Amino acid sequence: MRCPKIPETSGGAKYKKSRSSLNRFLDLPEDVIGNILHRLGVQEILGNAQRVCSSWRNLCKDPSMWRFIDMEHRSGDNSCIGPIGRGYLVAICRKAVVWSRGQLTQLHIDYFATDGLLDFISARSSKLKCLQIRGSHEVEDGLIEAAKKFPLLEELHFVYVLGVHEYIERIGQSCPKLNSFTLSSSDYRHSDDCNNDYEALAIAKSMPGLRHLRLVGNRMTNEGLHAILDGCPYLESLDIRRCFNVDLYGGIGDRIAQKIKDFKCPNDPMEKGCVWDADVFYCPRDYSYECS
């Protein structure tokens, strides 16, 4: 099905030329149009491209368009995302999930993840293999229920998702295929005298199949790191940047050198624009607690 041609009956030569060019563009083969649409973002497709004509709309609604829903906010500035903006992004994400018709395998969300949204997604996306959430204050135990509905999940990445540490063990138990996990926070900025191996021990206990782990900005000690090396025997890459309570001298350093192929130590720099940098989302008000 082709888009209807735009008549060229009015205006001058310049007008006719622009209409003719547009008609040729609309008459492109479906595979070419599909390639173009795949290069657009979710908001561009749902807000503009699907409105061009009926054939474009049909292509936009093809489930293959929505195997990967990427809603990262790459500017790094969330000042423009207020309650109204978050509501709009949630609505866009829901629509994309519906159009995926259960074919969604990879999802990236920045700033607007909530328990309600995760419940909506998990009820419609049993084939999900990769979930990345960044900059969230509104995700709580809904993650546990959602994880139960993602039996194929292989990659799970949390960057500045407050409170998620409480649910790591239960999430890991619900996702036996998990081989790549990220927990990146700005905890290292606070309570320098506080050592906390809670997250590390939960990972070691519930995620034995991990091959790739990023535990960035965490307050774990050598005890937690030893537990991870014991509990995750297949680990190939390990990123513990900004984990300044870890001391790599002695036996622990030797274990890592023998076991880990790709290792980033606490003092290694965080590249500009790195997707795992929690400090992009950091707000001091989020750390108004005392370490116990």
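The values are calculated or read from the model by the stated rules, or taken from the named source; none is laboratory data. Owing to the predicted nature of the structure, the values given are computational and were not obtained by experimental measurement. Backbone-built Cβ (ideal geometry, glycine too); neighbour counts: all protein chains shown.
Would you check if there is a residue in region 245-255 being surrounded by 20 or more Cβ atoms within 10 Å (Cβ to Cβ) and within 27 Å of I144 (Cβ to Cβ)?
There is no residue in region 245-255 that is surrounded by 20 or more Cβ atoms within 10 Å (Cβ to Cβ) and within 27 Å of I144 (Cβ to Cβ).
Condition test on Y167, is it within 22 Å of W276 (Cα to Cα) and surrounded by fewer than 22 Cβ atoms within 10 Å (Cβ to Cβ)?
When the stated conditions are applied, Y167 passes them.
What residue, of R242, R211, R189, is over 26 Å from C130 (Cα atoms) and either without any contact (Cβ under 8 Å) to a residue 40 or more places away in the chain or not acidic (D, E) (or both)?
Being over 26 Å from C130 (Cα atoms) and either without any contact (Cβ under 8 Å) to a residue 40 or more places away in the chain or not acidic (D, E) (or both) holds for just one of R242, R211, R189, which is R189.
Residues in region 138-151: is at least one under 18 Å from the mean Cα position of the chain (by Cα), assigned to a loop (DSSP other than H, G, I, E, B), modelled with pLDDT of 90 or more and not charged (D, E, K, R)?
yes
Would you pick out the residues in region 186-204 that are more than 12 Å from C243 (Cβ to Cβ) and at pLDDT 95 or above?
L201, A202, I203, A204
Filter region 39-89 for residues that are more than 28 Å from E138 (Cβ to Cβ), at pLDDT 70 or above and not in a helix (DSSP H, G or I) and give the result.
Correct list: K61, D62.
Among the residues of region 178-224, write down those that are more than 14 Å from I168 (Cβ to Cβ) and hydrophobic (A, V, I, L, M, F, W, C).
Answer for region 178-224, where residues must be more than 14 Å from I168 (Cβ to Cβ) and hydrophobic (A, V, I, L, M, F, W, C): C194, V216.
Within region 156-176, can you find the residues that are out of contact with any helix residue (DSSP H, G or I) (no Cβ under 6 Å at 6 or more places or on another chain) and free of Cβ contacts under 8 Å to residues at least 40 places away in the same chain?
Those that are out of contact with any helix residue (DSSP H, G or I) (no Cβ under 6 Å at 6 or more places or on another chain) and free of Cβ contacts under 8 Å to residues at least 40 places away in the same chain: L156, G163, V164, E166, P176.
Which one of these is within 27 Å of I109 (Cα to Cα), crowded, with 16+ Cβ neighbours inside 10 Å and polar (S, T, N, Q): S237, S180?
Values: S237 fails: crowded, with 16+ Cβ neighbours inside 10 Å.
Just a single option satisfies the conditions, and that option is S180.
If you go through region 116-128 one residue at a time, do you hit one that is surrounded by fewer than 17 Cβ atoms within 10 Å (Cβ to Cβ) and at pLDDT below 90?
Within region 116-128, not a single residue is surrounded by fewer than 17 Cβ atoms within 10 Å (Cβ to Cβ) and at pLDDT below 90.
With respect to K177, is the statement that it is closer than 23 Å to G142 by Cα and either of a type in the set (G, A, S) or within 22 Å of the chain's Cα centre (by Cα) (or both) true? Talk me through it step by step, then tell me what you get.
Details: closer than 23 Å to G142 by Cα: yes; either of a type in the set (G, A, S) or within 22 Å of the chain's Cα centre (by Cα) (or both): yes.
For K177, the condition - closer than 23 Å to G142 by Cα and either of a type in the set (G, A, S) or within 22 Å of the chain's Cα centre (by Cα) (or both) - is met.
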